[in-house]
Structures are given as structure tokens and as C-alpha cells.
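To start, the structure itself, in C-alpha cells.
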Amino acid sequence: MSKHIKIKALLQTAPAEQEVNVKGWVRTFRNNQFIALNDGSTNSNLQVVVDFQNTDEALLKRITTGAAISATGKLIASLGKGQTVEVKATEIEILGDSDPEKYPLQPKKHSLEFLREIAHLRFRTNTFGAIFRVRNSLSFAVHQFFQDRGFVYLHTPVITASDAEGAGEAFKVTNLDLSNPPKTETGEIDYKQDFFGRATNLTVSGQLEGELGAMALSDIYTFGPTFRAENSNTTRHLAEFWMIEPEMAFYDLDDNMDLAEGLLKYVIKYALEHNREDIEFLSQRLQEEEKGKPQQERSDMTLLDKLQFCLDNSFERLTYTQAIDILKDSTPNKKKKFQYLIDGWGADLQSEHERYLVEKHFKKPVILTDYPKEIKSFYMRQNDDGKTVRAMDILFPGIGEIVGGSQREERLDKLEQRMDEIGIPKDELWWYLDTRRFGACPHSGFGLGFERLVLFVTGMGNIRDVIPFPRFPKNAEF
């Protein structure tokens, strides 16, 4: 029996008349003779040529779009266009039938909306095959980047009693009987009788626990699922998504920015080197899609150009205050073209402002620092001006913010004062404050939303298309 070989490897093999075995799913079957076979290792199909005159007719009828087959035969030079080799089959075995009347993926163009409804089958299309191979490479590259730099991969809890962002949009975790939960004397749910003896939720961030690890191991990173119960139906939000969150002891804000810029460049370069074919396909797809848009909505750069652009440019660094001055004086602000007009310092920047800075003003990725403390989280290190904190956000073309981070507040008195100001109970975060009591040191970290990164590298327009099974309001299918 010939050893089963992946199609990607076969297409790179010289035709040496050797016998091979391939397995995959039928994309098309033409003239009772030519099978386009795909096994997900590449978007390119392998042509399998069937000797239909000497093949049982009942078997030929079972070679339908979507069927899984095993083909054995000689690897020969192909006379057909678009491939160098093909398999001249001597034996075909049907591993799994597919009823052509019922199989929803016919050899034609399907809309992304329709494919979301059949997300269990959409992996079999070229677009989603390419997306998830790129996602795989980016995942691997993230680990390689940190491992090569001596970081420790830390698994922070998925179930937690803290809400790191203080946003209150967390999913509750309970094993109480929801139809008849135990109540306290004042009529509230008695979480003391719950599984953990207290109210718990799914994590919104691994950061706070990550900081605990960094206070002993120096450099750690987390890479895991996080959850937000935000009732948002936009193309940029998911209820379940993956976050990369490094925390580094003895890092100041500049070190933090250097690491984040280094990580983004490393993973983009890795994907370009290892998934060139997939990214070229996605770039082509995007150009086709943009033809239907009005000129002003089309992007100036192809996907490949955009990725190369991030590698070739050092990121522009400026303060929030400088950015506000630029935006206030900008043409779209003066002509009231921005949806949210910038009238002065303290405004929370929207995606349109971030994209203006990147795409129009600097024409390169931008890192903004030193935001007003009022619009940032309690744990960020306060500047001496009493108004701003040592925050940093990285802004990318087409997407706006891709990384958010800061130097963390290591001074106990300042941290407690800030928690009091915004009403965060200190007793609930006693363990977090302990790291400021015992051997505190300057430290920094950031969060990179993995799906936003995949969105950027694949050029897709909707975040629901870059995670295998998207979770969003009113949808937890598959």
C-alpha cells in the first residue's frame, strides 16, 4: 500500500512515475474523468485522472462534490493548465458519500453571510481554508517569538472573581438552580451557596494574574480565550475571542513599545514567509471585492502591500496630546467630516480618528502614549502631571487600535488612591495589591486581540470570519 501523502507536498514533487496515495474531498468531477481533489493542506487542488472506461459505473456515480475519496495511482507530469503534476488513478475508493442534491457547498461563489450559517462546512472553501491556515501560522509565530526571548507561557484562569477592566460586561458562572436560586435575607441571590462560595465570571483578561507571574518569573505571556458580554453586533466585536497578554518585570513604557512593535513585525513576517500562497489568494479576493465599492471606499494598498508596509516602517510614536492637536487642525475635523468631532483635550479617540492618523497623516503605523487618566484603566502608571497615565496604543491601517498596553502603577499609595477615586473595592483585589507591598518594581504589559491581528493579516472585513466558530449576541451555534 502506498503511503498517503498530503496534496501540498505532492504538488511540489517532481513527476517520477512513482505510485502515490492521496485522500481528500472532491471539489469537482468533470467529464466522468477529471477529479479536482483537495485535502485542506493548500488551496490548490490535485487533478486525479480516472480511467472511466474501466471503472464501475456505480462507483463513478458516487464521485460527487463533497465526497471523501482515496485515490492510488502514478504521479505523472500534467498536460492540463495550472498544475505540474497529476495522479493517473489505478484505484479509487469512496470513503464517504456526499449527496449532491443536499450538499450546500456547490462549485460556485457563496456569500460570507451564507457561509456563516454553515460554519461547520465553510472550512472546505478556498477563502476559509486560507484564513485558518494563516491563523494557525500566526498562533505558532506568537509562541515562537516569546519562547525565543525566554518568556514563560502562563495559563491564567478562565473562571475568575475579578473583572480586570472594571467594565462589568462579564458572563456569570454558576451551578445554582436558576429556576429557584437560594436567596439571602435581603432577597438577593446567595452566592455563598454557589460552587465557589462567591460570585464568579468568565475572564475578560488574564492581565492581573499575569502580573503576579511576572513578579516572580520576570517575563511571562498568556494566550487564551477571553469573554465579553457586550451586546454589540458590529463587525469588530465577538463575545469569545483570544488574547495575547505579556507582562514584563523591569520594563518601562519604551521597552513595552519596542516589544509590541517587534512582536507585530515578527508574526506578520512569519505569515508572509510561510503562507505566501494563501495571502496572495486573500489579496486577490479583496481586490475583486473592492471593485464593487465606490472609489473613495477602496483601499490605497493591496493586502500584500499593507503587510509589507508594516514591516518596512518603524512605528511613529507620539503622545495623545500631540495627536489631539493634529486631529483638531485636520481637514475632516474642520470640515465636520468626522462623525465624532474633536473639540479638545480629553476626548476618547474613535476608530475614524485613529485611522486618520495612520492612513492619512503619518502614512505608517502609530503608537500613541500618555492618555488622560480618566479614559484609561486604574492600574496604569500615573504621570507627574497628575492628568495622564503611561498608556500606549498601537494603531494600524484599516483597523485602528490593535494593541493596548501600559506601564503598570507599582506605587501602592498611588494605586490605592486611584482605586478609591473610581470605586474599585480594595479588599477584593488584596492579592493584586500585595505585589505592590512585597518587592514592587517597575513593570509593563500589553494586550493584543488575536482576531484583530488575523483580521488585519487576512484582509477580511468581519471578525466573525477569522475565528472558527464565532460567538456573538443571539448566536452560539455549532
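Observations on the model:
- Matching entry among 186, 156 (being surrounded by 14 or more Cβ atoms within 10 Å (Cβ to Cβ) and assigned to a loop (DSSP other than H, G, I, E, B)): 156
- Restricting region 89-112 to residues that are of a type outside the set (D, E, K, R), open to solvent by 60 Å² or more (accessible area, probe 1.4 Å) and in contact with a Lys or Arg (Cβ under 8 Å, 6 or more places away or on another chain), the residue that is farthest from residue 127 (Cα to Cα) is 90.
Residue by residue, here is whether (1) in contact with a Lys or Arg (Cβ under 9 Å, 6 or more places away or on another chain); (2) over 15 Å from residue 226 (Cβ atoms) holds:
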residue: 145; (1), (2): no, yes
residue: 154; (1), (2): no, no
residue: 158; (1), (2): no, no
residue: 178; (1), (2): no, yes
residue: 182; (1), (2): yes, yes
residue: 195; (1), (2): no, yes
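- Residue 453, sole failed condition from (1) out of contact with any helix residue (DSSP H, G or I) (no Cβ under 8 Å at 6 or more places or on another chain); (2) buried (at least 23 other Cβ atoms within 10 Å of the Cβ); (3) not basic (Lys, Arg): (1)
- Some residue of region 290-311 being of a type in the set (Phe, Trp, Tyr) and under 23 Å from residue 140 (Cβ atoms): no
- Residues of region 198-217 satisfying the condition of being in a loop (DSSP other than H, G, I, E, B), open to solvent by 10 Å² or more (accessible area, probe 1.4 Å) and within 17 Å of residue 448 (Cα to Cα): none
- Qualifying residue in region 117-132 (condition: open to solvent by 40 Å² or more (accessible area, probe 1.4 Å), within 20 Å of residue 4 (Cβ to Cβ) and touching a Ser or Thr at 6+ places or on another chain (Cβ under 7 Å)): no
- Residues (farther than 18 Å from residue 247 by Cα and open to solvent by less than 10 Å² (accessible area, probe 1.4 Å)) located in region 400-424: 400, 419
Yes/no per residue for (1) farther than 11 Å from residue 89 by Cα; (2) open to solvent by 40 Å² or more (accessible area, probe 1.4 Å); (3) among the aromatic types (Phe, Trp, Tyr); (4) at pLDDT 95 or above:
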residue: 7; (1), (2), (3), (4): yes, no, no, yes
residue: 18; (1), (2), (3), (4): yes, yes, no, no
residue: 21; (1), (2), (3), (4): no, no, no, yes
residue: 53; (1), (2), (3), (4): yes, yes, no, no
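- If you go through region 270-325 and keep only what is among the basic types (Lys, Arg), touching a helix residue (DSSP H, G or I) at 6+ places or on another chain (Cβ under 7 Å) and open to solvent by 80 Å² or more (accessible area, probe 1.4 Å), you end up with 298, 317.
- Residues in region 329-359 that are open to solvent by 90 Å² or more (accessible area, probe 1.4 Å), free of Cβ contacts under 8 Å to residues at least 24 places away in the same chain and outside any loop (DSSP other than H, G, I, E, B): 334 alone.
- Members of region 384-424 found to be of a type in the set (A, V, I, L, M), closer than 25 Å to residue 452 by Cα and outside any loop (DSSP other than H, G, I, E, B), listed by number: 389, 391, 392, 394, 395, 402, 403
- Of all residue pairs spaced 6 or more apart or on separate chains, those with beta-carbon atoms under 7 Å, a first member in region 218-237 that is closer than 22 Å to residue 351 by Cβ and open to solvent by less than 20 Å² (accessible area, probe 1.4 Å) and a second member that is among the hydrophobic types (A, V, I, L, M, F, W, C) and at pLDDT 95 or above are 226/241; 226/243.
The values are calculated or read from the model by the stated rules, or taken from the named source; none is laboratory data. Owing to the predicted nature of the structure, the values given are computational and were not obtained by experimental measurement. Here the Cβ is made from the backbone with ideal geometry for all residues, glycine too, and neighbour counts use every protein chain on show. Note: areas computed on protein heavy atoms with side chains; ligands, DNA, RNA excluded. Shrake-Rupley method; radii C 1.70, N 1.55, O 1.52, S 1.80 Å.
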